[in-house]
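The values are calculated or read from the model by the stated rules, or taken from the named source; none is laboratory data. Treat the numbers as computed from the prediction; the structure is a model and nothing was measured. When we count neighbours, we look across all protein chains shown, and the Cβ atoms used for this are built from the backbone with ideal geometry, even at glycine. What goes into the accessible areas is simple: the full protein's heavy atoms, side chains included, and nothing from ligands, DNA or RNA. Shrake-Rupley method; radii C 1.70, N 1.55, O 1.52, S 1.80 Å.
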Amino acid sequence: MIIKNEMKLEFPSRSQNEAFARITVAAFASQLDPNLEELADIKTAVSEAVTNSIIHGYPNEIGPIKIIARLFEQGIEIIIEDNGKGIEDIEQARQPLYTSKPELERSGMGFTVMESFMDLLEVESEPGKGTKVRMIKYFKSQG
Amino acid sequence: MIIKNEMKLEFPSRSQNEAFARITVAAFASQLDPNLEELADIKTAVSEAVTNSIIHGYPNEIGPIKIIARLFEQGIEIIIEDNGKGIEDIEQARQPLYTSKPELERSGMGFTVMESFMDLLEVESEPGKGTKVRMIKYFKSQG
Amino acid sequence: VGEIRRFLRDDNPIRVSRSVKEIASKIIKFKEELLKEKGREPTINEIAEKLGVELEEVILALESSQKISSLDEVVYQ
Ligand SMILES: Nc1ncnc2c1ncn2[C@@H]1O[C@H](COP(=O)(O)OP(=O)(O)O)[C@@H](O)[C@H]1O
Ligand SMILES: Nc1ncnc2c1ncn2[C@@H]1O[C@H](COP(=O)(O)OP(=O)(O)O)[C@@H](O)[C@H]1O
Ligand SMILES: [Mg+2]
Ligand SMILES: [Mg+2]
């Protein structure tokens, strides 16, 4: 996997930065000329991961969120990281419909969305340390 | 000056990242709802500064470029930094029409553009260490 | 400074950008055409070329037209 380009982005966990993060990753991914559906998939997955860091990672404070994106020949790797609350039971968290915040009318479908719209989803987390989500999307429109 | 939001972006000095940096800063600045002309001014200034880092900062290599942008009540502060070649004589470099690369058909108007499209331009540089450009734009459309 | 700005603007005209809405609806139309004729989605660059706009205008138009929430897509797929 030869890296063609890479970017790092950092911003505070304010809700308006969810849209900003989504546009930035979309602008970066566009360098590989994805089709409309592939681009929409990436944007949706980034929205879900960033929203999770904002709402679950930093429920009572504003904290830093980092995104690293790498372009390679066939697609994009996206890492979204917070230093927030962390997840106790990752397997449970990844279950469709599971949410720790039913009172906020969360759907519990965030990880399921990321998994189905991307080609790979890895979640690392440590309670009190933070959460790191790694996703890969292959572009069919590419070689 | 109360900071309302802040972002940090880092990318390698590849020419395709000039457009990426411009879109990203514009998307971020849009949170303050500037008018079209103000947004165009910012994009032009960012293009000039990033192009300088790509062409003059790292003439024979690919190196990192960092952007920090901060939104405050009345506008945006943008810092664009490289660890490249640096500038010997900043005063001379800022003169309209001065260019060290006439052979590349550079216009020598980059700093002049930044200065006239933005409300503040500061340039710090050390030969062999790198260059840091700090710009501020006040939005008339804001309080 | 006003003089310089005017000179620079004339020298380096910024393309009059069409409204985001107009671009967004043209994207949808082009996408449907291509899906019908070729059975595939257009790429981002194809759209920019077809519409004669900058890539960033395509990205921003798509952003503004992305109304359907991810949840709706999953539920109704
Ligand atoms: N960045 C994060 N930090 C802490 N907890 C998280 C994070 N992301 C997800 N979680 C946990 O995983 C659960 C499932 O996430 P998700 O599938 O997105 O559903 P929802 O966000 O609707 O609750 C969340 O309810 C939360 O408990
Ligand atoms: N980031 C940088 N690193 C090193 N030198 C720079 C940098 N930015 C500007 N310069 C120097 O300042 C000069 C003037 O810059 P500018 O006004 O943008 O004109 P131009 O880029 O057309 O030469 C450049 O020719 C170069 O010598
Ligand atoms: Mg979620
Ligand atoms: Mg220049």
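Counting Lys +1, Arg +1, Asp -1, Glu -1, what net charge surrounds A:Tyr98 among other residues with beta carbon under 11 Å of its beta carbon?
Values: positive: A:Arg94, A:Lys101, A:Arg106; negative: A:Asp89, A:Glu91.
Overall, the nearby charge balance is +1.
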| query | What angle do you read, to the nearest 10 degrees and between 0 and 90, between the alpha-carbon axis of helix B:17-29 and the longest principal axis of chain B? | reply | 20
| Separation of region A:1-44 and region B:48-76 by C-alpha centroid, Å? | 19
| task | Could you provide, to the nearest whole Å², the per residue accessible area of the protein assembly as shown with probe 1.4 Å? | result | 50
| remark: Non-local residues with an amide H under 5 Å from the amide H of B:Asp119, with H modelled 1.01 Å from N and Pro and chain starts lacking one, are B:Ile136, B:Lys137, B:Tyr138
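Could you compute how fast region A:46-100 diffuses translationally, taking Rh as the Kirkwood radius over C-alpha pairs and applying Stokes-Einstein at 25 °C with viscosity 0.890 mPa s? Give it in µm² per second.
On the way: Rh = 12.6 Å.
Using the Kirkwood radius from Cα pairs, D works out to 194 µm²/s.
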| Dividing the alpha-carbon radius of gyration of the protein assembly as shown by 2.2 N^0.38 Å (N being the number of residues), what value is obtained? | 1.03
| note | With +1 on the Cβ of every Lys and Arg and -1 on the Cβ of every Asp and Glu, the dipole magnitude of region B:3-138 about its Cα centre, in debye rounded to the nearest 20, is 340
| query | Over the protein assembly as shown, what percent of the accessible surface lies on carbon and sulfur atoms, probe 1.4 Å? | reply | 49
| note | Excluding residues fewer than 8 positions from A:Lys132 in its own chain, the lysines with Cα under 25 Å of it are A:Lys4, A:Lys8, A:Lys43, A:Lys66, A:Lys85, A:Lys101, B:Lys8, B:Lys66
| request: Within region A:41-73, list the GluC sites (Glu not before Pro) lying in a DSSP loop whose Cβ has at most 13 other Cβ atoms in a 10 Å radius. | output: A:Glu61, A:Glu73
| note | So the B/A interface buries, both sides summed and with a 1.4 Å probe, an accessible area in Å² (nearest 100) of 1400
| field | Interface size C-A, as summed buried accessible area [1.4 Å probe, Å², nearest 100] | value | 1700
| request: Take every Cα-Cα pair in region A:3-138 and report what % of them are more than 24 Å apart. | output: 24
| message | List, shortest first and in nm to one decimal, how far the label point of A:Ser15 (7 Å from Cα along Cα→Cβ) is from its counterparts in the other copies. | response | 4.4
